[in-house]
1. Nearest 5 is fine: what % of DSSP beta bridges in the stretch 5-215 come out antiparallel, could you say?
2. Given the C-alpha centroids of the stretch 13-31 and the stretch 145-186, what is the distance between them in whole angstrom?
3. What is the sum of charges, Lys and Arg at +1 and Asp and Glu at -1, for the other residues whose Cβ falls under 12 Å from the Cβ of Val120?
4. Order of Ser143, Ser116, Ser241 from fewest to most other C-beta atoms within 10 Å?
5. I'd like to compare 7-15, 338-346: which one has the highest average count of other Cβ atoms within 10 Å, and what's the full order after that?
6. Express as a percent, rounded to the nearest 5, the fraction of DSSP beta bridges in the stretch 225-353 (both residues included) that run antiparallel.
7. Size of the dipole of the stretch 225-353 about the Cα centre, Lys and Arg at +1 and Asp and Glu at -1 on the beta carbon, nothing else charged, in debye to 20?
8. Note down the magnitude of the dipole of the stretch 5-215 about its Cα centre, charges +1 on Lys and Arg C-beta and -1 on Asp and Glu C-beta and zero elsewhere, to the nearest 20 debye.
Amino acid sequence: MKEVFVNSIGSVSVQKTFDTSGFLDDLVDYEGTSVKAVDPNYKDFIPPAAARRMAKGIKMSAVSSQNALKEAGLENVDAIIVGTGLGCLGESEKFVRDLLDNDEQYLTPTRFIQSSHNTVAGSIALDMGCKGYNFTYVHSNISFESSLWDAKLQLQNNEAENILVGAVDELVEHHVTTHQFIDHIKKEPVSMKQVLRSGTKGIVFGEGSHFFVMSNQKQASTYSKLIGMGIYNTLANSEVSHTIMAFLEKNGLCKEDLDGVILGNNGDVDYDTIYHDLETSIFKDIPQYVYKHLSGEYDTASGFGFWMANKILKTGKVPELIRWNDIKVTQPKRLLLYNQYRGKNHSLVVLEKC
């Protein structure tokens, strides 16, 4: 089977990641229970008349996907695969509100058309004229990993050469309010620097769009090689460390082969204990990095972690604010990403510097 490479990246997030030349050089601080993405100048990527009719998720994805394609030197791809937890739920919310406010009359179809989960993948395909495989995974917090795995299988079996893989979720007011009510989102505002050590229940909700050109052909722009993946729906806390060690062994690795582990801590005191147990056991001698204090938590926040891992491997730089312990390594070559949400849907990804 062929090897799989990450040839380019693009991101719009709570941080200024749309600027592809930098790497968390100008951090955006916040204090709240939910935080919105930093908007690029959409006029540079989308005609203003079209942008006015687009949902937030579509606009973010237009920018991040265009940046990824440009860096890879491509105008088209063989397939587009997107992972999303909520899709364009904001447009669904607005459409239902219009139904009520206008007594089910004089409705324009735009919001209904843009309200489906596969709108992002379809919109990108229409813009570039891609008539290939087009698929959207809606698998909660492993939506991005499901998309990545699909692309990996196709590339390994030479069914495609270049695939655009994306992760997108937008912040929706009603969804935030509902999850605050059930204590999934923090009750009190918290700052970026404090969220992971807040000691309180719930998360800080965020949003973002992250796209990557995956290929079975290495090129000058290549960031990393995808070594292996694992997805596990349910694991007892006592099984997590054993599962990780078995995963590494299956991929011909041991924990000493890792130059760092990127953890999905999100500041929820009830579930970050899963990470804390690993931090003090199998990962205690390995550099540990975190990212959800920068991105916020959402179904495809692991896409931000994937973006960050690729930046680390390509630049050899590790920003101080993402370090979770005092162990340092110069020029990291192999990283493990581990994520879970509320004790379910555990995912593992290993990337290697090319």
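Here, each number is a calculation from the coordinates, and none is a lab measurement. The shown structure was predicted, so the numbers you read here are calculated from the model rather than taken from an experiment. Quick reminder, even Gly has a Cβ in these numbers, built from the backbone with ideal geometry, and neighbours come from all protein chains shown.
1. Looking only at bridges with both residues in the stretch 5-215, the antiparallel portion is about 60 percent.
2. Spelled out, the Cα-based centre of one part sits 20 Å from the other.
3. Charge balance in the 12 Å sphere: -2.
4. Values: Ser143 27, Ser116 14, Ser241 17.
Going from least to most buried by this count: Ser116, Ser241, Ser143.
5. Numbers: 7-15: 26.8, 338-346: 20.3.
Packing proxy ranking, top to bottom: 7-15, 338-346.
6. 70
7. 600
8. Taking the Cα centre of the stretch 5-215 as origin, the dipole is about 220 debye.
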